[in-house]
Protein chains: 2
Amino acid sequence: MSDMPSCQFESRPRRIVIGSSGVQTDFCTTCSVRPTSVCSVIGPDDISRLSDAAVETIIPPGRGFIEEGAPATDFFNVTSGTVKLFKALPDGRRQITGFASPGHFLGLAVSDNYAFGAEAVDTVRVCRFSRDKMADLLDDFPKLERRLLEEASNELVAAQNQMLLLGRKTARERVASFLLDQMHASQLPGHESNGGRLHLPMTRGDIADYLGLTIETVSRTLSWMRSQGMIEVGKGYAITIVSAAKLDVLAAGNT
Amino acid sequence: MSDMPSCQFESRPRRIVIGSSGVQTDFCTTCSVRPTSVCSVIGPDDISRLSDAAVETIIPPGRGFIEEGAPATDFFNVTSGTVKLFKALPDGRRQITGFASPGHFLGLAVSDNYAFGAEAVDTVRVCRFSRDKMADLLDDFPKLERRLLEEASNELVAAQNQMLLLGRKTARERVASFLLDQMHASQLPGHESNGGRLHLPMTRGDIADYLGLTIETVSRTLSWMRSQGMIEVGKGYAITIVSAAKLDVLAAGNT
DNA sequence: GGAACGCATTGATTTACATCAATCCATCGG
DNA sequence: CCGATGGATTGATGTAAATCAATGCGTTCC
């Protein structure tokens with residue numbers, strides 16, 4: 001899950017008016033995710049096509065905005081905040097299949113219905129594209145399709161790594177892998193260097209649902225890592241990586 | 001993993017000569033996978049472009065043909081047989097991330113190296129496309145990109161289902177899900193109806209590596225299912241589903 | 001300001017599956 | 001034809017993680 005700088009914008013959903021003058025406030029122009037997201041393939045001359053298609057939406061923490069099984073009418077580009085993607089069983093068991101941060105494109109569906117759910121972990125901003133408008137953009141901008149294929153391929157690789165983790169790794173290997181992934185994500189372009197300090201807005205329960213563990217196992221493992229001098233657990237959701245090398249050895253899987 | 005009818009062809013790899021007459025034996029023309037695979041977007045008038053790009057390859061059982069970490073120089077379209085896709089840990093632990101049957105397109109890579117390995121379960125035929133030739137085809141046939149995006153989206157959905165299975169399902173739920181998936185795959189277009197009888201060329205070890213279990217657990221679970229009247233375990237690799245309804249209840253996850 | 005709630009940590013106990021072991025069966029090669 | 005090998009099944013035992021429980025802390029709301 002790559003991590004991108006967020007798009008700053010006003011705090012309520014609204015439709016950008018299709019304007020004929022160039023004076024309108026155009027959040028696409030000022031969006032800081034755009035240089036590295038799927039939107040980057042649409043050039044400055046065509047940016048109004050983007051603005052016309054996109055509806056910026058603010059989603060408060062805890063609110064779901066994609067429901068597994070619901071008709072797949074929209075696509076979403078995450079421009080700020082963190083989203084958890086998940087699948088659920090009827091008895092309440094849940095597997096988080098990924099955390100989406102700015103730059104992630106959500107909503108690819110094969111059938112007519114979403115195969116997964118999405119819920120805001122913290123305050124989230126997304127640009128929403130209806131399926132029709134997306135189809136128009138794809139027709140007019142072939143490079144967009146190439147870019148979506150790249151995104152999908154990225155997700156496939158991440159999914160395969162996660163299957164290896166879920167199917168074969170021990171609890172300590174899983175937590176180590178998770179922390180290292182979060183560290184790498186926070187070091188991608190657009191993130192200010194923060195000396196190994198991770199901001200993890202998701203709860204221990206969310207981390208457990210992502211790693212195929214329970215809350216207690218995640219907590220015990222983090223406590224053990226702290227006792228081994230690998231991490232520091234700070235206030236709120238801050239975890240600081242003290243020895244990435246030790247975590248690397250764990251995550252690599254040499255049991 | 002969708003399952004498609006296989007492409008019949010001669011039993012050794014060779015380059016199809018770029019011919020000017022229409023008399024040459026053209027395996028693309030006779031390929032029975034082609035109507036439903038990514039190649040379907042290339043029309044009969046352009047089929048020579050396909051033949052020019054493809055190299056048919058026969059791979060014996062047990063032979064690997066994609067090595068995790070190796071340079072990603074080729075793509076592969078599976079036209080016959082079964083392929084296992086996997087990721088490995090240094091200490092020998094291995095997770096099979098999928099079984100690819102005819103119609104599957106392999107080799108999408110984001111970086112310059114393959115993120116997974118591939119190995120033939122039984123005798124496998126693939127059409128191999130070099131990266132350069134694939135790029136040419138993509139430039140000339142934009143619908144090919146759309147089709148690849150559809151394939152990738154299919155794989156993403158399958159991966160998410162598998163993450164739910166690996167992260168949250170019990171052993172019985174996993175085996176039930178696997179058997180039902182194989183049943184559905186065998187009922188796709190191109191497969192003759194075979195009354196619930198599955199042909200599973202992969203070993204119990206392969207099934208275990210796919211479901212995040214051990215050989216013994218898979219074997220015990222199949223034995224229990226036989227004792228419950230859900231399946232019959234026949235000679236060789238044949239498993240017959242006797243009560244899909246009971247397996248459905250298990251697989252659904254209502255523990 | 002205090003009760004309620006959500007979240008996290010830690011302890012004790014249980015359990016689903018792994019591990020180790022033995023045996024059987026089918027196939028292959030000499 | 002027989003020994004070797006690969007694969008599968010079944011039994012006995014061990015264990016990593018789950019489950020159950022208790023406690024503490026920070027935040028929110030009345």
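The values are calculated or read from the model by the stated rules, or taken from the named source; none is laboratory data. Since the structure is predicted, the reported quantities are computational estimates derived from the model, not experimental observations. Ideal geometry is used to build each Cβ from the backbone, glycine not excepted, and the neighbour counts take in all protein chains shown. Heads up: the accessible areas ignore ligands, DNA and RNA and are worked out on the full protein's heavy atoms, side chains in. Shrake-Rupley method; radii C 1.70, N 1.55, O 1.52, S 1.80 Å.
Taking every residue in the range B:209-234 that is touching a residue at least 40 places away in the same chain (Cβ under 8 Å) and within 14 Å of chain A (Cβ to nearest Cβ) and pairing it with any residue that is near DNA strand C (Cβ under 8 Å from one of its atoms) and open to solvent by less than 20 Å² (accessible area, probe 1.4 Å), at least 6 positions away or on another chain, the pairs with Cβ-Cβ distances below 6 Å are B:VAL218/B:ALA208. Looking at the range B:41-113, the strands (runs of 3 or more DSSP E) lying wholly inside it that each contain 3 or more residues that are within 19 Å of B:GLY205 (Cβ to Cβ) sit at B:83-88, B:94-100.
Criterion applied to A:VAL124, A:VAL110 was being touching a Ser or Thr at 6+ places or on another chain (Cβ under 7 Å), more than 16 Å from DNA strand D (Cβ to nearest atom) and closer than 13 Å to A:ILE66 by Cβ, and the one residue passing it is A:VAL124. When the residues of the range B:215-234 are filtered to those that are farther than 15 Å from B:LEU165 by Cα and of a type in the set (Val, Ile, Thr), the one that is nearest to DNA strand C (Cβ to nearest atom) is B:THR217.
Here is the figure for the range B:68-114: residues that are closer than 20 Å to A:ASN254 by Cβ and open to solvent by 20 Å² or more (accessible area, probe 1.4 Å) total 9.
When only residues in the range A:178-196 that are at pLDDT 85 or above and open to solvent by less than 60 Å² (accessible area, probe 1.4 Å) count, which is farthest from DNA strand D (Cβ to nearest atom)?
Filtering the range A:178-196 for residues that are at pLDDT 85 or above and open to solvent by less than 60 Å² (accessible area, probe 1.4 Å), the one farthest from DNA strand D (Cβ to nearest atom) comes out as A:ALA185.
Quick one: would you say A:ALA176 is in a helix (DSSP H, G or I) and under 19 Å from the mean Cα position of the chain (by Cα)?
no
Number of residues in the range B:166-186 that are facing chain A (nearest Cβ under 7 Å), hydrophobic (A, V, I, L, M, F, W, C) and more than 14 Å from B:TYR210 (Cβ to Cβ): the value is 0. Residues that are open to solvent by less than 70 Å² (accessible area, probe 1.4 Å) and of a type in the set (Val, Ile, Thr) within the range B:238-255 comprise B:ILE239, B:THR240, B:ILE241, listed in sequence order. Of the residues making up the range B:118-155, those that are open to solvent by less than 30 Å² (accessible area, probe 1.4 Å) and over 22 Å from B:THR203 (Cα atoms) number 13.
Here A:ALA245 clears all of (1) within 14 Å of chain B (Cβ to nearest Cβ); (2) without any contact (Cβ under 8 Å) to a residue 12 or more places away in the chain; (3) over 26 Å from A:PRO102 (Cα atoms) except the condition numbered (1). Residues in the range B:167-177 that are more than 12 Å from DNA strand D (Cβ to nearest atom) and among the aliphatic types (A, V, I, L, M): B:ALA171, B:ALA176.
The number of residues in the range A:97-114 being aliphatic (A, V, I, L, M) and free of Cβ contacts under 8 Å to residues at least 40 places away in the same chain comes to 2.
Summed over the range B:206-237, the residues that are open to solvent by 30 Å² or more (accessible area, probe 1.4 Å) and outside any helix (DSSP H, G or I) give a count of 9. Taking the criterion of being out of contact with any strand residue (DSSP E or B) (no Cβ under 7 Å at 6 or more places or on another chain) and facing chain B (nearest Cβ under 9 Å), the residues of the range A:69-119 that qualify are A:LEU89, A:PRO90, A:ASP91, A:ARG93, A:LEU108, A:ALA109, A:VAL110, A:SER111, A:ALA115. Within the range A:135-165, the set of residues being touching a residue at least 24 places away in the same chain (Cβ under 8 Å), more than 7 Å from chain B (Cβ to nearest Cβ) and part of a helix (DSSP H, G or I) comprises A:ASP136, A:LEU137, A:ASP140, A:LYS143, A:LEU144, A:ARG147, A:GLU151, A:ALA158, A:LEU165. Please verify whether the range A:197-205 includes one or more residues that are in a helix (DSSP H, G or I), within 16 Å of DNA strand D (Cβ to nearest atom), open to solvent by 10 Å² or more (accessible area, probe 1.4 Å) and outside the structural domain of A:GLY98 (by TED's automatic domain parsing). Yes: one or more hits.
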